[in-house]
1. Here are some residues: GLY148, GLY138, GLY95, GLY129. Which one is touching a Ser or Thr at 6+ places or on another chain (Cβ under 7 Å) and touching a residue at least 24 places away in the same chain (Cβ under 8 Å)?
2. Just checking, does the range 97-105 include any residue being surrounded by 24 or more Cβ atoms within 10 Å (Cβ to Cβ), farther than 19 Å from VAL5 by Cα and out of contact with any Leu (no Cβ under 7 Å at 6 or more places or on another chain)?
3. Among the residues of the range 88-95, are any over 19 Å from ILE47 (Cα atoms), modelled with pLDDT of 95 or more and in contact with a His (Cβ under 9 Å, 6 or more places away or on another chain)?
4. Just the residues that are open to solvent by less than 10 Å² (accessible area, probe 1.4 Å), of a type in the set (Val, Ile, Thr) and under 15 Å from GLY120 (Cβ atoms), please, taken from the range 52-80.
5. Based on this model, can you work out whether ASN39 counts as farther than 12 Å from ALA96 by Cβ and over 11 Å from the mean Cα position of the chain (by Cα)?
6. Of the residues ASP63, ASP73, ASP55, which is over 13 Å from the mean Cα position of the chain (by Cα) and within 22 Å of GLY25 (Cβ to Cβ)?
7. Go through the range 163-175 residue by residue and tally those that are assigned to a strand (DSSP E or B) and either of a type in the set (Asp, Glu) or surrounded by 14 or more Cβ atoms within 10 Å (Cβ to Cβ) (or both).
8. Can you tell me how many residues within the range 37-56 are at pLDDT 95 or above and not charged (D, E, K, R)?
Amino acid sequence: ISYGVLLQDSPDSTIETSALCAASGDTAAMIRIAGEGANIVIRANFITAFNGHLDSHGIWMEDCNDAAPWIVDNNRIQATGNAAITRVDGVRAIGACHPVIDGNLQITGGGEGNASNPTGIRCGANAQGVASKCVVLGNRKIEGSVAGFPPIATGVRCDDGGCNRIAGNLITGIT
């Protein structure tokens, strides 16, 4: 397991104006939010995660105690995987974690590499059926993949009631 920054039960945390690059391992993310996540802000960063084998995510939020982390004004959030089985998401929100993903320049779920079905933003339910309620507003570009030929590339994927509102974005599957 490899994380650039792990916010485990870390309310009121801010990550801003940083370059967060590289992650590898079976499970990898540049920023991982779990447990108490109230008032977390991720702002004005350059985030690139790559080489996860099973999971590779730029920002991964899961069951953060019904909090709404604010992902805002980041230059880039991108992830790539290293195998055809890799789950790749630029931003991943699962379960009782309801992020506001707002005004970012580029969010990409895949690039070079063998990622299976990359997604720019994925919002979905946890094993208990609790859905994330993502709000996705005013992002300049959300892409499933920027390179290669994945079987499926999705800009924004909402599973099992995972999205609350999507408005004012430019979204593509693959460019």
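The values are calculated or read from the model by the stated rules, or taken from the named source; none is laboratory data. Please read these numbers as outputs of a predicted model, since none were measured by experiment. Here the Cβ positions follow ideal geometry from the backbone for every residue, glycine too, while neighbour counts run over all protein chains shown. Heads up: the accessible areas ignore ligands, DNA and RNA and are worked out on the full protein's heavy atoms, side chains in. Shrake-Rupley method; radii C 1.70, N 1.55, O 1.52, S 1.80 Å.
1. Values: GLY148 fails: touching a Ser or Thr at 6+ places or on another chain (Cβ under 7 Å); GLY138 fails: touching a Ser or Thr at 6+ places or on another chain (Cβ under 7 Å); GLY129 fails: touching a Ser or Thr at 6+ places or on another chain (Cβ under 7 Å).
One residue alone meets the criteria, GLY95.
2. Going through the range 97-105, the residues surrounded by 24 or more Cβ atoms within 10 Å (Cβ to Cβ) turn out to be 97, 99, 101, 104.
Next, only the ones that are farther than 19 Å from VAL5 by Cα stay: 104.
Keeping just the survivors that are out of contact with any Leu (no Cβ under 7 Å at 6 or more places or on another chain) gives 104.
Taking every residue of the range 97-105 in turn, at least one turns out to be surrounded by 24 or more Cβ atoms within 10 Å (Cβ to Cβ), farther than 19 Å from VAL5 by Cα and out of contact with any Leu (no Cβ under 7 Å at 6 or more places or on another chain).
3. As a first pass, look at the range 88-95 and keep what is over 19 Å from ILE47 (Cα atoms): 94-95.
Restricting the remaining residues to those that are modelled with pLDDT of 95 or more gives 94-95.
Imposing the further condition that a residue be in contact with a His (Cβ under 9 Å, 6 or more places away or on another chain) reduces the set to none.
No.
4. Correct list: ILE59, ILE71, ILE77.
5. Numbers: farther than 12 Å from ALA96 by Cβ: yes; over 11 Å from the mean Cα position of the chain (by Cα): yes.
So ASN39 fits the description; yes.
6. On the way: ASP73 fails: within 22 Å of GLY25 (Cβ to Cβ); ASP55 fails: over 13 Å from the mean Cα position of the chain (by Cα).
Result of the check over ASP63, ASP73, ASP55: ASP63.
7. So in the range 163-175, the residues assigned to a strand (DSSP E or B) come out as 163-167, 171-174.
From what is left, the residues that are either of a type in the set (Asp, Glu) or surrounded by 14 or more Cβ atoms within 10 Å (Cβ to Cβ) (or both) are 163-164, 166, 171-174.
Within the range 163-175, residues that are assigned to a strand (DSSP E or B) and either of a type in the set (Asp, Glu) or surrounded by 14 or more Cβ atoms within 10 Å (Cβ to Cβ) (or both) number 7.
8. In the first step, residues of the range 37-56 are kept if they are at pLDDT 95 or above; the result is 37-47.
When the remaining residues are screened for being not charged (D, E, K, R), the result is 37-42, 44-47.
So the answer is 10.
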